[in-house]
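None of the figures in this text is laboratory data; all of them are computed from the coordinates on show. Owing to the predicted nature of the structure, the values given are computational and were not obtained by experimental measurement. Virtual Cβ from ideal backbone geometry, glycine too; neighbours counted across all protein chains shown.
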Amino acid sequence: MATAGLDDDSLQQLRSRATQLLLKEDWKESGAVDLSEWVLAGFSGKCPDLAEHVGPVEVRRSSHGGRGVFAVKNIDAGATLLISKAVAIGRGVITDAADSCEKMVVWKDFVDKVLDAAEKCPKTASLIYTLSTGEEPEDELPVPDIAQFKQEAEEPDDGTAAATESAPEVTLDVDKILKLLDVNCLTEDAAPSSNLLGSNGVVNCGVGLWVLLAFINHSCHPNARRTHVGDHAIVHASRDIKAGEEITFAYFDVLTPVGRRREAARAWGFECQCDRCRFEAGDAILGQELARLENELVNGGGDMGALVVRLEEKMRKSMVKERRKAFLRASFWGAYSALFGSDKLVRKWGRRVPGEAAVAESVAGAIGGNESVLRAMLRGAGNGDGCGNRLEVEDKVVRIGRATYGKVVKRQAMRALFKLTLDADSNKSL
Ligand SMILES: [Zn+2]
């Protein structure tokens, strides 16, 4: 549906209009943060001061028996769910990715800091002990009250509170803490569901413990992302979330076919039972064709445009519903990206597949905001393939922008993030 393309000026206008819309929304809600200045300063200078925040979520027992974080009310994409300060972070610059010694130094430093923090503060220690070591039967683990994670309301400011708090001596169960760190720490790197703002391309190795975040489970159909700012992790909704829905991250790249994701999940020590995996692995009619397509995608070398056309035709013939189409497009995102990234392939196959912006919108519905998807949306909109009239397109760009980065920046800063998104090497995220 490629209609009249937008020139650079119109694209610029489109972006600025889109970002203006961001301002109009009531983004100044509880837990809102504004990182605009820092983003505009190129992430340099002092990290913005953030206060810890627990949004409308709580820890509950999840359907698979373990524990998870759940929404207690409807939440819009982009809204802040949690702002959490790390118990400790170990950081280092890794000069050689294959050098495990460098990583060990970072890990040891991290463990020392966690033990130190737990020893100094009984509250920190008790929070750490709410985590699982991965060895206990999941359904026997107690479900912590969310109030434990909220900062004490209005402590007196005269220092008396601190004096009374430091009373009890804590004897640490170092063995247990080591075990639970193994399964609960998060890395700060630009994991598929996280933004590491301010990394400036330095290969950092950062590992940290954010206790409440460790309760968030994986899904290949995730609805949240995290952004690391200094020692804080900000978790935002990357899709609209309904009250009662479980909050999930992607622990690994979910813009890949089901076979790849199963391998990745096994490396993390679990079998993914999300609705997307169940559909993709369990659909007998599509199954064989999907397996063939996955093989071709993983082996590479073939005509990715032809692959996309086959997938789209198969979905049309099998009357796959929109939501499931979105799952499959996310799985074959690599092929769509190759197609849209090549003028030659677009000329050859473009008329037989939906436009780039339409595919991006569909995929964002499945996996939420993501830089690679946002880039496709911006590019598609710029090529006049905006799946709608101008206002609709603007609205879609804004929605995916907010779903990707969260409502943490104002107009100009969002424009800067859009530019970074477009500039980033599109192959890097594949
Ligand atoms: Zn899954």
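Ordering 34, 76 by the number of other Cβ atoms within 10 Å of each residue's own Cβ, fewest first, gives 34, 76. With neighbours defined as other Cβ atoms within 10 Å of a residue's Cβ, the residues 120, 314 order from fewest to most as 120, 314. Take the Cα of residue 347, step 7 Å toward its Cβ, do the same at residue 151, and the gap between the two points is 5.9 nm. The simple Förster model, with R0 at 60 Å and r as the Cβ-Cβ distance, assigns residue 74 and residue 101 a FRET efficiency of 0.80.
Label-to-label distance, residue 85 versus residue 278, with points set 7 angstrom from Cα along the beta-carbon direction: 4.1 nm. For residue 211, the amide hydrogen comes within under 5 Å of the amide hydrogens of 87, counting only partners 5 or more places away or on other chains and with H modelled in the peptide plane.
Order of 57-68, 233-244 by packing, highest average Cβ count within 10 Å first?
Going by the mean number of other Cβ atoms within 10 Å, highest first, we get 233-244, 57-68.
Each label point was placed 7 Å from the Cα along the Cα-to-Cβ direction; for residue 47 and residue 422 their separation is 3.0 nm. Here the calculated FRET efficiency for residue 126 and residue 288, from their Cβ-Cβ distance with R0 = 45 Å, stands at 0.30, rounded to the nearest 0.05. Counting only residues at least eight positions apart within a chain, or on another chain, the lysines with an alpha carbon under 23 Å from that of residue 321 are 242, 396. Could you tell me the center-to-center distance, by alpha carbons, between the range 90-144 and the range 362-384 in angstrom? Rounded to whole Å, the Cα centres lie 35 Å apart.
Taking a threshold of 24 Å on the Cα-Cα distance, which of the pairs 179/407; 85/123; 46/120; 113/176; 46/410 fall above it? Going by Cα-Cα distance, 179/407; 46/120 fall outside the 24 Å limit.
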